[in-house]
Amino acid sequence: MATHSKDLVVKFISLPAGNHDFNFHIGDEFFEQYSNSIIHKANLEVKVVLNKTTTMEIDIKINGDVDVECVRCLEHFTMPIHAFQHLLIRMVDNPEAEDDDNDTIHIANSASELVLNNHIYDFVTLEIPYSPTHPDEDDQPGCVNEALDALSDDQEEEKSEEDEESKQEEEEESKEEEEEEEEESKEKSDYLIK
């Protein structure tokens, strides 16, 4: 059963050796804790498997969707999230002096639980592209926005005007070339007559 909570905590101190499953549900309230979050709404299921032996390792699997803002039209859209991360838990005397990296978390020797909030937040946020946009449909932007439609119409009109100008220029060049050819032909015939 999934726990609905802002805090994603794995209590390991009383657990025997072996694998232990923890399930969490992450909703909007989780991301509201982070003031600059690019995620506005969320519906995510998080499965954490703790492998406790002489060392500890966790596998984190995240599935669901989040609501983010499209950088193209500034409208919100739903983006699917599917992430997996394997982490080694290292128990040390002074975890603040250690640097966590992509696959290791450092906790105090006296710790009895893992708080995974920041790690899960980072994993989900890193699944979102730097500039999220609505997915394209049939080679057309997936954005539905009056401003974008107006821009698109303006661009089509400009292209149409450019095409018309280009066509007129080509016709004028063609006409000039024909006139030059006629003059050359006339000069040749005048020369031959003389």
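Data for the structure
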| item | result |
| --- | --- |
| Farthest toward positive dipole pole in segment 1-80 [+1 Lys/Arg, -1 Asp/Glu at C-beta], among F24, C73, V49 | V49 |
| Under 12 Å from the T125 label point (7 Å along Cα→beta-carbon), backbone N, segment 5-42 | 31-39 |
| 5 angstrom amide H check on R72, placed H, neighbours 5+ away | H134 |
| Distant-in-sequence amide H partners of C143 (H built 1.01 Å from N, under 5 Å) | none |
| Local electrostatic count at N36 - Lys and Arg +1, Asp and Glu -1, tallied over other residues with Cβ under 15 Å | -3 |
| Inter-label distance, nm, simple model (7 Å from Cα along the C-beta direction), E171/V71 | 4.4 nm |
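Bear in mind these aren't lab numbers, they're just calculated from the coordinates by the rules spelled out. The structure displayed is predicted, hence computed values, not measured ones. No Cβ is skipped: glycine too gets one built from the backbone with ideal geometry, and neighbour counts run over all protein chains shown.
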